[in-house]
Amino acid sequence: MKNKSKLKKVREERAQMPKEPSEWLYLNPEEVGLRSIYEIFGQETPWRAELWEEAGVLEIRIPEAGSVDMERMDADLGDEEGNAYLEKHQIKTVFAVTIVPEDYEKARMVMVEIMKSKGGFFCGDTEDFQPEIRLSEQK
């Protein structure tokens with residue numbers, strides 16, 4: 001009987017765990033700089049951005065949630081499969097992106113805003129690059 005209650009607790013904890021990764025990649029076949037992404041988030045958006053150019057870091061704050069943090073990376077992911085994925089999609093720009101998984105839906109809105117302005121797409125920084133978020137999927 002004791003094991004059944006422990007199993008139930010484990011299942012409940014798993015159900016509460018976020019299904020989306022906290023680590024993402026923003027990939028673009030064009031050259032895109034952090035400053036150009038920073039400039040998207042001016043007075044007309046609900047989000048506020050802070051740019052640390054020398055560090056190569058951009059923080060986009062989400063009201064009543066966490067943030068979307070972006071950091072420029074080399075277009076070399078350090079492994080054969082990753083680099084083949086970049087080559088397949090003709091990627092020139094790579095950013096490491098971190099979100100709070102519990103705020104995924106709000107962070108996704110920021111991601112869509114970036115894609116509308118700069119193109120490219122987001123994918124999970126996972127072994128199979130899933131999930132993917134592409135503008136063509138948006139309504």
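No value in this document is a laboratory result; all are computed from the given coordinates. On a predicted model such as this, the values are computed, not experimentally measured, just so you know. Note that each Cβ is placed from the backbone with ideal geometry, even for glycine, and that neighbours are counted across all protein chains shown.
Tabulated values for the structure
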read-out: Count of region 80-124 residues which are of a type outside the set (Phe, Trp, Tyr) and under 22 Å from residue 41 (Cβ atoms); value: 27
read-out: Residue, farthest from residue 75 (Cα to Cα), within region 29-60, restricted to residues that are among the acidic types (Asp, Glu) and not in a loop (DSSP other than H, G, I, E, B); value: 50
read-out: Residue satisfying all of: in region 110-134; surrounded by 16 or more Cβ atoms within 10 Å (Cβ to Cβ) and more than 11 Å from the chain's Cα centre (by Cα); farthest from residue 33 (Cα to Cα) among these; value: 129
read-out: Checking residue 103 against (1) part of a loop (DSSP other than H, G, I, E, B); (2) within 16 Å of residue 20 (Cα to Cα); (3) among the charged types (D, E, K, R), the condition it does not meet; value: (1)
read-out: Exclusive hit being hydrophobic (A, V, I, L, M, F, W, C), over 21 Å from residue 107 (Cβ atoms) and in a loop (DSSP other than H, G, I, E, B), set 84, 75; value: 75
read-out: Of all residues making up region 42-76, the number that are surrounded by 17 or more Cβ atoms within 10 Å (Cβ to Cβ) and over 16 Å from the mean Cα position of the chain (by Cα); value: 1
read-out: Flag for residue 93 being of a type in the set (S, T, N, Q), surrounded by 13 or more Cβ atoms within 10 Å (Cβ to Cβ) and in contact with a Gly (Cβ under 9 Å, 6 or more places away or on another chain); value: yes
